[in-house]
Amino acid sequence: MKKHNFSAGPCILPQEVFEKAAQAVLNFNNSGLSILEISHRDKAFVAVMEDARALALELLGLTGKGYQALFLQGGASMEFLRIPYNLMKIDGKAAYLDTGTWANGAIKEAKAFGETIVVASSKPENYNHIPKEYSIPSDANYFHCTSNNTIFGTQMKSFPETNVPMVCDMSSDIFSRTLDFSKFDLIYAGAQKNMGPAGVTLIVVKEEILGKTGRTIPNIMNYQQHIEKESMYNTPAVFAVYTSLLTMQWLKNLGGIPAIEKRNEAKAQLLYNEIDRNPLFKGTTVKEDRSNMNATFLLNDEAHKEVFDSMWKAAGISGINGHRSVGGYRASMYNALPIESVQVLVDVMKELENKI
Ligand code: PLP
């Protein structure tokens, strides 16, 4: 039986994408070669990379608006460092919003690099909300935020108005909701939640913000270099890029981001309604900042843990244990998770209530 996979990643993809990817491992594009063995310079793969770069921009509504899409290796964590390398001027500074573990990871890398101002932090409240009151210094070289905090289950519902370039880590909610993506100058996302296997990161950058730091940037760290080499400066993560393309094509056929957003809202509403209704459970974040991707919740009485855990396991649910820094449960509802899986979880929560 296929499990109801609520894992925070990697990597939750539609069944048809897994099937097409599996077929490509055996015989890619009827070439008689596996996607794992063809050259990345082969015409067929060059076309995959071109299509993936173009489709990422198309889905985000950024085609023809001065943006470039790249598929690079090193995970989102590599971008924590590439960003200051490419955007922080010599003797410049950057502004960061601290909303969780990953935002903090980005801040640490930037601090090692140059002056880094944390404009606000929800750390004292164990990151249970998104700070709203802060100002961004107008002389910062850029402002960095994390749209969805995978571990703590919060999501930015609005973004500040600022005159400095806005950089956003969208690793755990890329392609999940409509936003005016042209407000952002650089968006990045590790593939392994909503897009494809671990091993590739999507970077969407407005080209005009590059080349202004006055510093020499090593090629592998340099976005401009990767743009000039059409995301093939070094060997790309061929399989991860191909699978990401399949997922983006699935999303486009579904009706793009507006269509998946409706599904994601319905799933999140179904689960949060039950968390709020059922006296055995409580959410861990403030309601207005709740993530539609990662719902974090606790049992009011830990004494019910053993029974609840055995019930959801018996229902074929996997991956809902909370991160150690929050405890309790985290139900990740990425694009590919069907609402039927959320209904199974909600039914188990109701069953527990009836049992006790
Ligand atoms: N940013 C966010 C929001 C994440 O959820 C994660 C991982 O889960 C990361 C960054 C780190 O990504 P990676 O492991 O690809 O470096």
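Nothing in this text is a laboratory measurement; each read-out follows from the coordinates by a stated rule. A quick note: this is a predicted structure, and the numbers were derived from the prediction, not measured. Positions of Cβ are generated from backbone atoms using ideal geometry, with glycine treated the same way; all protein chains shown enter the neighbour counts.
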Residues Tyr272, Tyr334, Tyr67 in order from fewest to most other beta-carbon atoms within 10 Å are Tyr272, Tyr67, Tyr334
Under 17 Å between C-alpha atoms, the lysine pairs in the range 256-355 lying 8 or more places apart or on different chains count 9
Expected unfolding gain across Lys157-Gln73 under the 0.36 nm per residue rule, minus the alpha-carbon gap, is 27.4 nm
The chain: relative contact order from alpha carbon pairs under 8 Å, six or more residues apart, as a whole percent, is 24 percent
Quick calc, Met232 & Ile90: beta-carbon distance into FRET formula, R0 22 Å, rounding 0.05, result 0.15
Here the gain from full extension of Glu207 to Gln224, 0.36 nm per residue of separation minus their alpha-carbon distance, amounts to 5.3 nm
Filtered hits (aspartates and glutamates, Cα-Cα < 19 Å from Lys111, offset >= 8 within chain) -> Glu79, Asp91, Asp98, Asp139, Asp169
From fewest to most C-beta neighbours within 10 Å, the residues Met293, Met349 line up as Met349, Met293
In order over the range 139-150: 3J(HN,Hα) from phi, Karplus 6.51/-1.76/1.60, θ = phi - 60°, whole Hz, x for each Gly or Pro, gives 9, 5, 6, 6, 10, 10, 9, 10, 5, 9, 9, 3
Any helix of the chain counts here only if DSSP assigns it H throughout, its Cα atoms span 20 Å or more along the axis, and its mean Kyte-Doolittle hydropathy is at least -1.0, and such helices are 43-60, 238-254, 256-277, 339-355
The answer for the net charge of residues other than Lys65 whose Cβ lies under 13 angstrom from its Cβ, with Lys and Arg +1 and Asp and Glu -1, is -3
In the range 15-254 the DSSP beta bridges are antiparallel at a rate, in percent to nearest 5, of 45 percent
Once both label points are put 7 Å beyond Cα along the C-beta direction, the Asn126-Glu351 separation in nm becomes 2.8 nm
Largest fluctuation, Pro338, Pro197, Pro218 only, Gaussian network model of the chain with Cα springs under 10 angstrom, belongs to Pro218
Asp91 neighbourhood, Cβ < 14 Å, K/R = +1, D/E = -1, net charge +2
Least to most buried among Trp102, Trp250, by other C-beta atoms within 10 Å and fewest first, runs Trp250, Trp102
In nm, the gap between the two label points placed 7 Å beyond Cα toward Cβ at Val307 and Asn273 is 2.5 nm
Calculated from DSSP helices alone, with each H run of at least 4 adding -39500 (n - 2.57) and the total divided by the residues of the chain, [θ]222 nm to the nearest 500 comes to -11500 deg cm²/dmol
Magnitude of the Cβ-charge dipole (Lys and Arg +1, Asp and Glu -1) of the range 31-146 about the Cα centre, nearest 20 debye, reported as 120 debye
Taking 12-20, 111-119, 131-139 and ranking on average Cβ neighbours within 10 Å, highest first, one gets 12-20, 111-119, 131-139
